[in-house]
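What follows is one structure encoded as structure tokens, with my remarks underneath.
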Amino acid sequence: AAFLTARSMRHKYAVGRRAASANKLWCNKNERRQYDDFANLYSIIKMIDKLEKAYVNSTVASAAYDASCAELIAKYKTLRTVTEDSVPNVQHFMAIYMMRCTSARHRLQVGVPATVEHRVERSGKRTSAVSVAECVHHYIGAMDTLKLNMVLLFRQ
């Protein structure tokens, strides 16, 4: 009787193992790709949330935060183009998978690292906003010069 019990237990284990390996989340390659995209989206959101908390706690330097956050946001935007049909709203995705990542939600809505959003200047480096304003200033000056020269040519 003990042999039958051990044998039946081994049988249940083997059947259970086969049943567990037979249960897949996907039925074809497209569904598998979709679940892979979901996993990537989930991990990017979690990484951005952890990175935000590390930056706020001064655990990571501003330069490292800026580079890492910009890279993760770029990856997120790339992934969003792929998952637009299946995940039209990231907040809904976060609610379905019970992700309480308010820092990541805000960062993804803004679309730029906090150092850019709050214009944190690094020592010795100019911000891009200053460079753009200066470029526009020179462009308008060049255009005005060209217009004045053209008017002078017509008057002569």
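Holding the Cα-Cα limit at 22 Å, pick out from Lys50/Lys77; Lys24/Lys46; Lys46/Lys75; Lys29/Lys50; Lys46/Lys77 the pairs that are longer than that.
Over 22 Å Cα-Cα: Lys24/Lys46; Lys29/Lys50.
Would you please put 106-119, 129-142 in order of how densely packed they are, using the mean number of other Cβ atoms within 10 angstrom per residue and starting with the highest?
Most protected by this proxy first, the peptides run 106-119, 129-142.
Bear in mind these aren't lab numbers, they're just calculated from the coordinates by the rules spelled out. Just so it is clear, the structure is predicted and the values come from calculations on it, not from any experiment. Backbone-built Cβ (ideal geometry, glycine too); neighbour counts: all protein chains shown.
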